Amino acid sequence: MSLHGKTALVTGSTSGIGLAIARRLAQAGADVFLNGVGDEAQNRALARDLGSEFGVRSEFSPADMSRPDEIEAMCRQALDAFGRIDILVNNAGIQHVAAVEEFPPEKWDQILAINLSSSFHTIRHLLPGMKAAGWGRIVNTASAHALFASPYKSAYVAAKHGIAGLTKTVALEVAQMHITVNAIAPGYVWTPLVERQVPDTARARGITEEEVKRDVILAAQPTKEFVTVEQVASLAHYLCSDDAKSITGTVISMDGGWSAQ
Ligand code: NAD
């Protein structure tokens, strides 16, 4: 499943699942364009090191995925750097846990912008190049919450259901153009995103943080194991390969059996 000669842009790729996907694509030979917020110098160094480790070109943009103007500038920068983008992974995401009537409206807007609308914008800017090249792969990191809900995560669940709809719609629009569009729906992966939601979940449910980890997070998945970032990256890599060319418009669960219950 070599990706030599291919170029990839992965949003939210300075941590967790996105970083693992960027590493995996680089390992397979793709040039990678990384993105994320936080310490910019550290993130630039991360991208540089990843490029040197795998002998591929690597670039970085600190674009904020809640800002359409910054998304457009990032896409332009990626096209200028690599000539074209063959693989787009929409992965940036945040979470907030609170009862719906206590959910801060600005948090709702931010989650919808980062977890859903940013994917519309990146697709809008990068799909024309894929159509011109006659090949493309779009992989959206959805969530088990693209398929069903959990209490106190209204914005996240709404955004992830939206990603499922966007994935299917765009897949149909480009089905005859050798471009596939899919979403991955992971269960719980122990990343900073999950770690940060533990105190708020404890507050919302009126239980301890230990109970959240044991009875809410680990209990959700019949395997009683976390999904790992490497497993998600491996599936993303497969979806980018030619072997997966007949898989499009799907939301693929990787959730230890959670959605089967
Ligand atoms: P993480 O916190 O480790 O990584 C999030 C990444 O998104 C980071 O690189 C961060 O810099 C970036 N990011 C956050 N806000 C951004 C913004 N405004 N603009 C640009 N980048 C931004 O989290 P993760 O768990 O690896 O999550 C990655 C994706 O996987 C998210 O879409 C999340 O919803 C999804 N997901 C995670 C889990 C899980 O259990 N961890 C499960 C299902 C789906």
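Couple of notes before you dig in:
- VAL181 satisfies every condition listed in (1) out of contact with any Gly (no Cβ under 8 Å at 6 or more places or on another chain); (2) surrounded by 17 or more Cβ atoms within 10 Å (Cβ to Cβ); (3) touching a residue at least 40 places away in the same chain (Cβ under 8 Å) except (1).
- Breaking point among (1) of a type in the set (Val, Ile, Thr); (2) closer than 16 Å to PHE33 by Cβ; (3) touching a Gly at 6+ places or on another chain (Cβ under 7 Å), for ILE114: (2)
- Listed by first and then second residue, the pairs linking a residue in the stretch 118-147 that is under 23 Å from ASP242 (Cα atoms) and away from the ligand (no atom under 12 Å from the Cβ) to a residue that is open to solvent by 10 Å² or more (accessible area, probe 1.4 Å) and outside any helix (DSSP H, G or I), with Cβ atoms under 7 Å apart and 6 or more places separating them unless they lie on different chains, are GLY129/ARG84; LYS131/MET177; ALA133/ARG84; GLY134/MET177; GLY134/HIS178; TRP135/HIS178.
- One residue from ALA73, ALA47 being open to solvent by less than 20 Å² (accessible area, probe 1.4 Å) and at pLDDT 95 or above: ALA47
- Count of residues meeting criterion [more than 12 Å from the ligand (Cβ to nearest atom), in contact with a Ser or Thr (Cβ under 6 Å, 6 or more places away or on another chain) and either open to solvent by 30 Å² or more (accessible area, probe 1.4 Å) or in a strand (DSSP E or B) (or both)] in the stretch 96-111: 1
- Failed criterion for ASP242 (all others in (1) surrounded by fewer than 15 Cβ atoms within 10 Å (Cβ to Cβ); (2) within 16 Å of the ligand (Cβ to nearest atom) hold): (2)
The values are calculated or read from the model by the stated rules, or taken from the named source; none is laboratory data. Treat the numbers as computed from the prediction; the structure is a model and nothing was measured. Reconstructed Cβ throughout: ideal geometry from the backbone, glycine too, with neighbour counts over all protein chains shown. Surface accessibility is based on the protein's heavy atoms, side chains included, excluding ligands, DNA and RNA. Shrake-Rupley method; radii C 1.70, N 1.55, O 1.52, S 1.80 Å.
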